[in-house]
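Q: Dropping a structure here in structure tokens format, bear with me for questions.
The values are calculated or read from the model by the stated rules, or taken from the named source; none is laboratory data. Keep in mind that this is a model prediction, so the values were computed, not measured. Backbone-built Cβ (ideal geometry, glycine too); neighbour counts: all protein chains shown.
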Amino acid sequence: MIVDLPNGVNLKKKLGEKAWITIGSNQHSYTTFYDYHNAFLDGKVSYNTIELKNGAAFEYLFAKNIMLSIGGGYNSYLSSKVFKDGENYNNASLRSENKGAPYVNIGLSLLTF
């Protein structure tokens, strides 16, 4: 079990000498800054999302220093807001009600020892 609070909780199991499976849930937060000049958002704004990804991943040690992975699951949006410069988090200019969506990740990692 891998507990990395507040980011996530995952259960990882070795399937063979070179293969693992992970099942769990991870929280991600993203912030993007813009400098807009239009009628509604004139000036600096930031777009903030808080997401919860639930799913599974398979990892395989393809070569001595190369790990291949594939995973997927469901991505839920807990919060999605746009803030004007200096605006309070609870008084965001825009709030959206995003629906969740399935996701797939494919990865290649180069390992060093």
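Q: From the residues in the range 64-90 that are of a type in the set (Phe, Trp, Tyr) and surrounded by 13 or more Cβ atoms within 10 Å (Cβ to Cβ), which one is nearest to Gly24 (Cα to Cα)?
A: Looking at the filtered set, the residue picked out is Tyr74.
Q: Could you tell me how many of the residues in the range 70-108 are among the hydroxyl-bearing types (Ser, Thr, Tyr), part of a strand (DSSP E or B) and in contact with a Ser or Thr (Cβ under 7 Å, 6 or more places away or on another chain)? Spell out how you get there, then give the answer.
A: Taking the range 70-108 first, the residues among the hydroxyl-bearing types (Ser, Thr, Tyr) are 74, 76-77, 79-80, 89, 93, 96, 103.
Now restrict to residues that are part of a strand (DSSP E or B): 74, 76-77, 79-80, 103.
Filter again for in contact with a Ser or Thr (Cβ under 7 Å, 6 or more places away or on another chain), leaving 77, 79-80.
Qualifying residue count, the range 70-108: 3.
Q: Given the condition touching a His at 6+ places or on another chain (Cβ under 7 Å), part of a strand (DSSP E or B), of a type in the set (Lys, Arg) and in contact (Cβ under 8 Å) with a residue 40 or more places away in the chain, answer yes or no: does some residue in the range 51-66 qualify?
A: Yes: one or more hits.
Q: Regarding Asn75, is this residue touching a Gly at 6+ places or on another chain (Cβ under 9 Å), among the polar types (S, T, N, Q), modelled with pLDDT of 85 or more and under 25 Å from Trp20 (Cβ atoms)?
A: Considered against the rule, which asks whether it is touching a Gly at 6+ places or on another chain (Cβ under 9 Å), among the polar types (S, T, N, Q), modelled with pLDDT of 85 or more and under 25 Å from Trp20 (Cβ atoms), Asn75 comes out as yes.
Q: Filter the range 91-113 down to residues that are of a type in the set (A, V, I, L, M, F, W, C) and loosely packed, with under 13 Cβ neighbours inside 10 Å and give me whichever is farthest from His37 (Cα to Cα).
A: Per the criteria, the residue is Phe113.
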